Structure formats: structure tokens, C-alpha cells
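Following: one structure in C-alpha cells, then a few remarks.
The values are calculated or read from the model by the stated rules, or taken from the named source; none is laboratory data. Fair warning: this is a prediction, and the values are worked out from it, not measured in the lab. Note: ideal-geometry Cβ built from the backbone for every residue, glycine included; neighbour counts use all protein chains shown. The protein model used for the area step is the full one, side chains on, heavy atoms only, and it has no ligands, DNA or RNA in it. Shrake-Rupley method; radii C 1.70, N 1.55, O 1.52, S 1.80 Å.
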Amino acid sequence: CAVKAAQVLSEIAKNEEMKKPCIEAGLVPILIPLLESTDQEMLLHAGRAIGRICYDNRNLQEELVKVGVITPLVRILTDYAESEPLIHVDLLALYNLAELDTAKEALSKTKVAEQLVKQLRIAENHERLEIIFEVLQALAENDALKVQLVEAGVQEVLSEILLRLQGSSRAEDTCILKAASDLIVSLLLGAILWRNGKCHQYSTTYVVLGKKLTGEDMILNSTVTICKKLRLSFTGECLSINGNCVRMVQLGLIHQLLDLLEKHVESGDISVQHAALSALRNLAIPVVNKVQMLEEGVAERIQALLRSEMPPVQFKLLGTLRMLTDGQADAAEILGQDPTLLNRLVQWCDANDHSGVCGEANRLLASILRHNRSQEVVKAIQEAQGVKHLVSMTTSEHAAMQNEALNALAIASAIDLETLEESFKESQLVQSLHKLLQDDNTSPEVKYNSMGLLCSLLNSGELRQEIEEDKIKETLEQLCSHSNANVVKEA
């Protein structure tokens with residue numbers, strides 16, 4: 001009876017209009033315990049019903065993870081590896097959940113990597129391979145799962161697939177080749193493999209693979225070249241991560257990554273763009289790399305990616321550019337005089353539906369001003385209407401962002417206060433600073449930097465008048481008895 005009921009529900013849930021009544025009737029919590037059954041028919045129908053009801057419903061999917069659906073899904077993958085229909089339903093369920101961070105975290109505590117690699121090895125049709133690659137690509141964003149996949153030998157299986165399909169002109173084979181190559185790069189471009197001593201083991205597989213490849217397949221040769229350069233960077237396990245970063249840049253990995261990025265921007269592949277930008281950001285951490293990357297025109301090439309409409313890519317792109325400008329006046333001057341970049345930054349500063357992108361855009365704008373020493377950059381940011389966003393950033397809920405904005409505005413004021421004066425008045429900067437000084441919850445460092453900026457503003461007659469009219473002097477007198485010595489001194 002229960003099996004038949006589950007089958008009926010799975011059929012009903014095919015109808016889009018019936019999903020909501022199923023949810024409102026509380027059927028999902030009732031179905032989940034059925035996944036513990038040993039009856040394969042029950043598992044099949046219950047799995048289909050849950051999958052169809054929860055498809056494209058993030059809240060329900062999160063709830064599924066919370067109540068422990070991951071454990072039975074991995075059990076099915078393990079216990080019924082030879083059951084074609086059950087594995088198909090199971091993989092679809094994992095595919096629907098794999099994008100959730102909570103699901104990745106739960107999966108990292110299971111043997112899912114080992115089981116997925118087994119399924120990848122025995123998969124025979126293109127549809128099965130495609131869905132496994134979709135799941136693996138999503139899981140490869142999690143550091144723990146990335147290491148587990150390498151430990152499970154995913155690199156050997158991927159090599160076998162590449163060798164088997166190379167040179168094929170069939171469209172479905174080309175799709176699988178691309179998916180395999182993208183997964184290789186996604187797994188490779190993360191610091192976690194370096195820290196765990198796995199990168200040499202992983203990349204060596206593809207250097208050996210390169211010797212077996214024939215023909216001029218661009219996808220495969222590009223992947224193998226990246227692996228070769230990463231492998232060369234490991235001269236011993238005693239090398240630090242920074243040491244590896246410097247070595248990689250010396251070996252010319254930067255432009256290989258940029259070529260890869262530009263190719264995938266055109267194809268719209270987010271996962272590889274995301275991974276490559278993460279790698280570029282890591283490579284830009286050592287100061288010596290920043291200088292070399294700037295000399296090789298990396299900043300200009302990265303800016304070509306500004307056309308991306310994908311928030312995860314935008315977020316990583318902004319972080320990479322910010323890392324490049326850190327402590328580098330030359331980089332700040334290059335970026336700060338590019339109208340296309342500045343206009344895009346200002347546009348992203350308004351991206352309220354993507355708070356991460358909005359925050360990073362503001363931080364990059366502040367970083368450009370903080371590390372810049374040019375009057376032209378101040379004027380360019382003013383013309384792009386970026387100043388109001390930095391004034392707004394001074395009231396951020398994050399003290400680190402507040403301080404970045406305050407320091408940036410103080411430096412810009414010292415360089416060219418006259419250019420900024422009107423924007424400061426329109427955005428009510430003086431009044432915002434006064435509120436920060438009055439608020440007991442404002443951190444001492446933010447109060448200190450607010451007063452430093454006020455000192456710069458006193459050099460403007462009109463802004464001085466605003467400071468006097470707002471009676472900031474009275475607040476400063478109160479701060480002279482503040483518990484923090486630096487605040488007292490600045491007041």
C-alpha cells in the first residue's frame with residue numbers, strides 16, 4: 001500500500017500545479033523516512049516524489065538537508081550502485097541539492113566522493129556522465145570535498161575519459177570532454193590542494209596524460225599546459241604557499257589562466273571563471289607578484305571580464321582587482337583612470353540584490369583612492385559619481401569597511417578637496433561623521449578615523465561652516481574624556 005501511495009504521489013508531482021498542494025499537505029516530511037527502506041521500488045517512487053515536489057524550491061531543499069536527507073541519498077548510491085533507475089533518481093536529487101552550502105557541508109562528512117568516482121568510472125551513456133559531472137563540479141567548490149575527490153582517484157578516471165574521447169567529432173563527446181576539462185581545472189585552481197600536498201599528485205596525472213594525447217585538441221592541450229606549470233612549481237614540500245605562488249607567476253601561469261578566463265566568459269561557464277579568478281587572487285598576494293603581474297598588463301586583461309553578468313564571477317573579479325591594488329600606487333592609478341571600470345564599479349555599488357558584489361565594489365573603490373596619489377584619479381572617481389557610495393560606506397555595519405572608506409576619503413581630501421567639496425555637501429558627509437562620533441556603539445578606531453577626516457574637511461570654508469553649524473565641537477569635548485587614549489588624543 002505504501003509503495004503504491006508513493007508511486008501515485010510521484011506521478012501527481014509531475015504536474016506543476018500540484019506541487020503546492022503537496023507541500024501544504026505536509027507530504028515531504030512523511031516521504032523522507034521512506035528513503036530508509038530496503039525495498040528498491042519504494043526508494044524509487046519516494047525519491048521521485050520528493051525530487052519533483054522540491055525541484056527549484058530552495059527553502060524546501062534547505063529543509064531537506066536540515067532533516068538529514070543526505071545520509072539516505074549517499075546510502076542508496078553505495079548500496080544500490082548497480083540499479084540503473086535508482087542511481088538515476090539519486091543523482092538527480094544530489095544535483096538539485098549540490099549547490100547548497102549546507103548540502104556540501106553535510107556531503108563532506110560522507111563517502112559521497114568515493115561513490116561518485118565509482119559511478120563516473122562505470123558510466124556508459126552521455127546523459128549519466130553529464131549529470132555526474134554537474135554534481136562533481138558543484139561539489140568541487142567545497143575544499144574538503146575537493147581533497148576527497150582527489151583521494152578517491154578522480155584524476156585517473158578523468159584521464160581515462162579524455163583519452164577515450166579525444167579526437168571525436170560527435171557533439172555529445174565534445175560536451176563530455178569540455179565538462180571533464182572544466183572539472184580538472186576547477187579542482188586544480190584552489191589553495192586547498194597545495195596545503196594538503198595533493199596538488200603535485202593531482203597535476204602529475206595530467207602531465208603524464210599530455211604525453212599520451214594526440215592531435216591538436218585545444219581544450220585538452222590547454223588543461224595539460226596548466227597542469228604542467230603547476231607541477232613545476234612544486235620543487236619540494238618545504239615550499240610555502242607564497243613560495244609556490246611566486247614560482248607559478250615566474251613560470252608564466254598568469255596568462256594561461258587569463259586565456260582560460262576569456263574563453264569561458266564567452267561560453268558563460270561560471271564554475272571555471274570562479275576557480276580561475278580565485279587562483280589569480282591567490283597569486284596576487286605576494287608583493288613581488290603584484291609588481292610582475294602589473295608589468296605584464298594583468299590589470300588591463302582582467303578588466304575585459306567586466307562584461308560578465310554573473311554575480312559569483314563579479315565578486316571574484318572585484319576581489320582579484322582589490323588584491324592587485326593593495327599597496328600598489330601604480331595599480332591604483334591604472335584602475336582609477338579607467339572610465340569603463342569606474343562606471344561598472346558604481347553600477348555594482350548599487351547592486352542591492354547582490355550584497356557581496358555591492359560590498360566588494362565599494363571596497364575596490366575605496367582601495368583605489370587609498371593607494372592612489374594622483375589628482376586625476378580623484379577627479380575620475382568624482383566624475384563617475386563614486387564619492388557618494390564611499391560616504392555611504394562610512395555607515396556600513398562592518399567596522400573594517402567603515403575604516404577603509406574613512407581613510408580613502410581622508411587621502412582623497414588631502415589630494416584634492418576642492419574637487420570633492422560639492423559631493424561631500426550633497427551626500428551630507430559632515431552630518432554622517434557627527435553621528436558616528438555621537439554613537440556609543442561606534443568602535444574607537446572608526447571614531448579616530450572620523451576625526452582624522454574632519455581635520456581634512458576643515459580646509460574647506462563651506463565644510464568648516466557645516467562642521468560649526470552641526471555643533472561637532474561639543475561632541476569632541478565629550479570625547480576628550482573617552483576611555484580610549486587614541487580617541488582622546490585625536491579629539
- Among the residues of the stretch 152-164, is there at least one that is under 20 Å from Arg75 (Cα atoms), under 27 Å from the mean Cα position of the chain (by Cα) and surrounded by fewer than 23 Cβ atoms within 10 Å (Cβ to Cβ)? yes
- Tally the residues that are open to solvent by less than 20 Å² (accessible area, probe 1.4 Å) and closer than 16 Å to Phe424 by Cα, restricting the search to the stretch 441-466. 7
- Task: Give just the number: which of (1) part of a helix (DSSP H, G or I); (2) more than 19 Å from the chain's Cα centre (by Cα) does Leu317 not satisfy?
- Result: (2)
- Message: Please determine whether any residue of the stretch 294-303 is open to solvent by less than 30 Å² (accessible area, probe 1.4 Å) and within 13 Å of Glu360 (Cβ to Cβ).
- Response: no
- Entirely in the stretch 1-77, the helices (runs of 4 or more DSSP H) that have 2 or more residues that are within 19 Å of Leu107 (Cα to Cα) and modelled with pLDDT of 80 or more: 40-54, 58-66
- One residue from Ala332, Ala366, Ala361 being in contact with a His (Cβ under 7 Å, 6 or more places away or on another chain) and either open to solvent by 40 Å² or more (accessible area, probe 1.4 Å) or modelled with pLDDT of 85 or more (or both): Ala332
- Item | Enumeration of residues in the stretch 418-465 that are closer than 15 Å to Gln382 by Cβ and part of a loop (DSSP other than H, G, I, E, B) | Ser427, Ser460
- Inspect all residues belonging to the stretch 433-440 and state whether any of them is in contact (Cβ under 8 Å) with a residue 40 or more places away in the chain, open to solvent by less than 50 Å² (accessible area, probe 1.4 Å) and closer than 24 Å to Ile368 by Cβ. yes
- Quick check, is Ser427 at pLDDT 90 or above, open to solvent by less than 40 Å² (accessible area, probe 1.4 Å), touching an Asp or Glu at 6+ places or on another chain (Cβ under 9 Å) and among the hydroxyl-bearing types (Ser, Thr, Tyr)? no
